[in-house]
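Here is the structure we will look at, set down as structure tokens.
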Protein chains: 2
Amino acid sequence: MRIDVAFTPGEQPEAAVAIVIDVLRATTTIAYALAHGYSRVLACAGLDHARELAGRLGDGTVLAGERACVRPEGFDLGNSPRELAESEPGGQTLVLSTTNGTRAIVTAASRADTVLVGSLANLTACAAAAARSARHAKGDVLVQCAGVGGEFAIDDAYTAGRYVAELRVWLAEWEASDAAQAAEAIAASFPTAADGLGASRSARNLRAAELAEDVRYCAREGVLDVVPTVGDVDDDVALITA
Amino acid sequence: MRIDVAFTPGEQPEAAVAIVIDVLRATTTIAYALAHGYSRVLACAGLDHARELAGRLGDGTVLAGERACVRPEGFDLGNSPRELAESEPGGQTLVLSTTNGTRAIVTAASRADTVLVGSLANLTACAAAAARSARHAKGDVLVQCAGVGGEFAIDDAYTAGRYVAELRVWLAEWEASDAAQAAEAIAASFPTAADGLGASRSARNLRAAELAEDVRYCAREGVLDVVPTVGDVDDDVALITA
């Protein structure tokens, strides 16, 4: 069994099971949404696409997203896991507009049979589920980082490294790819998750938008039991349920 | 001034100066060829393309390359820096067939004004030249890894990390991208260069082909003063001179 990591969404490895990471903040937001009362998340890239989708679904739909860290006009919520965890769910469905996360999910869905949504928040639960799924399929596990604008992001790479380490706990026999080894080395180079996430360009942008508290929040490891799983991907909209 | 790293050739960052790395073994071979008497290297991807090119150039041309670590039929030399260093040059021009290295050089040439060919062998000389060139252009430096088949390779990532560290010695003011930080962490996680290169899939393939000595050879740092520089790229053939 092979553990692999793709640091950018443009890479093309195949695997039985993929775990998609956009730790600051999309995949952390998805984990918190499903852990705090939403029954499904619909992730799509464009703001207008998200608005149209939420309008079509009507009552019981909450519209969340961001551009440059900030909640867009007319949206109910930003892309903040903290905001989701600290408020009652406003409906059954969360429509989330996120560029990098959605791109990585859609890419992964085209190459893996099972696609899970990973963050530090649900590290243990998600890694255990991925290992079970890979054992069952007798296939490989890929940790797919979302990156930023197609480029490498160290917050996602840090989280990928934590996933590789956790997957090794759950898998009896495994072989780590070059990228999986590198991800572990990157994670091990930071004393804490807050340092690893905090070193990223995304964290600098969040701090500049006075959202440093979200970085700290996304760095909390293994606090949710939820395993967000990607179902249909249709018209670049990914359906995610727990 | 920004120091950036692209771990795979599919990434698209732009920079004033790019250093291309395919440390096992193409870019090391190029450095040794130019340091040991060849006046130019013509790098191209296909074997037939290389044969045709060498045939057209005629006398004074030496044909080198590999497929699965081994010298192809009809070729004068394999892709071994050791072989080049230990023999007299058989001509003025080395035609080198290398898939990953050529792809990375051609990609880099389309995005950077100056493209240098880097290895551990010429680390100090190449980093110093890149820093001079970037200061002159008031632009950024990109370390472009070749990877393997479009995927991440830890031998190239290790070398990229050593280049980031060396560039910081030569640049007065710099900002490291997420990927540059990660490359440094990867390099720092190995006690020696032989360990960093030796951990890669490419090294395993070389060991299996009884070429372990080439891994150790490619791990020697800062032993050549040569700065291979990419000139014209025409019909996917890159002209490289010192």
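Note down the magnitude of the dipole of the protein assembly as shown about its Cα centre, charges +1 on Lys and Arg C-beta and -1 on Asp and Glu C-beta and zero elsewhere, to the nearest 20 debye.
Working: 40 positive and 66 negative charges, 109 e Å.
Computed charge dipole of the protein assembly as shown: roughly 520 debye.
Determine the dipole magnitude for segment B:88-242: charges of +1 sit on the beta-carbon of Lys and Arg, -1 on that of Asp and Glu, nothing else is charged, the reference point is the Cα centre, and the result goes in debye to the nearest 20.
Numbers: 12 positive and 21 negative charges, 50 e Å.
That gives a dipole near 240 debye.
Would you work out which of A:A160, B:P72, B:G101 lies farthest towards the positive end of the dipole of the protein assembly as shown, given +1 charges on the beta-carbon of Lys and Arg and -1 on that of Asp and Glu, about the Cα centre?
A:A160
Between the helical axis of B:123-137 and the dominant principal axis of chain B, each derived from Cα atoms, what acute angle in degrees is found, rounded to the nearest 10?
Value to nearest ten degrees: 60.
Nearest 10 degrees is fine. How inclined is helix A:99-109 to the longest principal axis of chain A, computing both from alpha carbons?
50 degrees
In degrees, nearest 10, range 0 to 90: what is the angle between the Cα axis of helix B:154-170 and the longest Cα principal axis of chain B?
It works out to around 50 degrees.
Quick one: dipole size for segment A:126-210, taken about the Cα centre, charges +1 on Lys/Arg Cβ and -1 on Asp/Glu Cβ, in debye to the nearest 20.
Values: 8 positive and 11 negative charges, 44 e Å.
With Lys and Arg at +1 and Asp and Glu at -1, about 200 debye.
Hey, which residue of A has the C-beta nearest the axis mapping A onto B, and what's the distance in Å?
Residue with the nearest Cβ, plus whole-Å distance, for chain A: A:G10, 2.
Taking neighbour Cβ counts within 10 Å as the exposure measure, how do A:Y38, A:Y32 sort from fewest upward?
So the ranking, lowest neighbour count to highest, is A:Y38, A:Y32.
Per DSSP H run of at least 4 residues, take -39500 (n - 2.57); add these up for chain B, divide by its residues and hand me the 222 nm value, nearest 500 deg cm²/dmol.
Here the helix-only value at 222 nm equals -12500 deg cm²/dmol.
Within 10 Å of each candidate Cβ there may be at most 13 other Cβ atoms; applying that plus a DSSP loop requirement, which GluC sites (Glu not before Pro) in segment A:136-194 survive?
In loop regions of segment A:136-194 (DSSP not H, G, I, E or B), the sparsely surrounded GluC sites (Glu not before Pro) are A:E173.
No lab work stands behind these numbers, since they all come straight from the coordinates. Small disclaimer: the values here were computed from a predicted structure and weren't measured. Reconstructed Cβ throughout: ideal geometry from the backbone, glycine too, with neighbour counts over all protein chains shown.
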